[in-house]
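Coordinate-derived values only; no laboratory data. Predicted model only: the values in this text are computed from it and were never measured. Glycine also receives a Cβ, built like all others from the backbone with ideal geometry; neighbour counts cover every protein chain displayed.
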Amino acid sequence: MTVALLPETKGKSLEETSMENELILLQTSLVSLFDRLLEDIKNGASVLQKESSGEIDAKEATDEIRFWEHEGDDTVHEIFVSLNLRNISFMDHMDIAQLTEKLDDVLDAEQATAYRFMLYQAAPNDTTKEFAKGIVELSSLLRAGVDHLRDLVHGETKELEEIIRRIHEIENEADDLLRTALADVFSQNDAITIIKYKDLYEHYELVSDLAEDVADVMADLAVKYSKQGWR
């Protein structure tokens with residue numbers, strides 16, 4: 001397996017070899033763990049979408065998304081244990097750790113949003129549906145982005161670049177949606193309603209912000225490993 005999976009290191013610097021080893025970790029021993037974490041994020045987004053459109057009860061949604069968040073926490077723990085048991089450079093360790101932490105933040109924000117939907121007894125509306133739609137797409141893009149990180153071992157970045165651009169677009173769309181939604185909220189007279197929906201909508205938008213943070217980590221890795229340059 002070592003001969004088949006590891007790249008030839010002859011004639012390469014220690015820095016180049018270390019960089020390749022980080023990508024090999026993402027391609028081999030850590031691939032199943034990241035797949036599990038990304039699947040938890042996708043499942044969390046799906047539950048939040050159902051809650052946001054009124055397809056399932058808010059209490060049921062909160063319980064279900066709590067399950068996926070706990071599953072994600074267990075997976076994050078396994079990733080860090082695996083990292084700490086391996087003899088890799090400090091910088092390689094930090095790159096993978098940062099990617100893991102940012103993905104975990106997305107899942108935490110999904111849970112926090114679902115909880116607020118239940119806590120505030122919010123009613124599904126066009127705004128919650130639109131926010132949730134974007135979050136579902138982001139969850140799929142994050143999965144695809146991490147998959148394409150493995151292409152970097154060959155210096156290929158085209159697909160990853162397109163994914164990162166789309167994540168930025170969705171984040172900008174969420175910003176616009178938040179501004180429009182808050183303008184509508186502040187036009188109302190009831191202070192409690194204003195407070196509740198302001199906080200709820202800001203948490204929806206936070207998920208997209210955190211997904212963009214993951215995209216920024218992926219972009220940094222692409223710049224680090226690209227042989228053709230980042231466009």
Practice task
Please arrange Lys133, Lys102, Lys59 by counting, for each residue, the other beta carbons lying within 10 Å of its beta carbon, fewest first.
Solution key: Lys59, Lys133, Lys102
Handout entry: Reachable lysines from Lys224, criterion Cα separation under 29 angstrom, eight or more residues apart if same chain
Key = Lys10, Lys12, Lys42, Lys102, Lys158
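Taking Cα pairs under 8 Å and at least six residues apart, what relative contact order does the range 18-225 come out at, in percent?
RCO, the range 18-225: 29 percent.
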Handout entry: ³J(HN,Hα) computed for each position of the range 155-170 - Karplus, 6.51 cos²θ - 1.76 cosθ + 1.60, integer Hz, glycine/proline x
Key = x, 8, 10, 4, 5, 5, 4, 5, 5, 5, 4, 5, 4, 4, 4, 5
Exercise for the section: Subtract the Cα-Cα distance of Ala144 and His93 from 0.36 nm times their separation in residues, and report this length gain in nm to one decimal. Expected result: 16.2 nm
Exercise for the section: Note down the net charge around Leu119, summing +1 for each Lys or Arg and -1 for each Asp or Glu among other residues with Cβ under 11 Å from its Cβ. Expected result: +2
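Mind giving me the FRET efficiency for Phe186 and Glu78? R0 is 41 Å, r the Cβ-Cβ distance, nearest 0.05 is fine.
So, using R0 = 41 Å, E works out to roughly 0.40.
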Handout entry: Percent of C-alpha pairs per 5 Å bin, the range 18-225, short to long
Key = 1, 8, 16, 18, 18, 14, 10, 7, 5, 2, 1, 0, 0
Exercise for the section: Determine the dipole magnitude for the range 18-225: charges of +1 sit on the beta-carbon of Lys and Arg, -1 on that of Asp and Glu, nothing else is charged, the reference point is the Cα centre, and the result goes in debye to the nearest 20. Expected result: 120
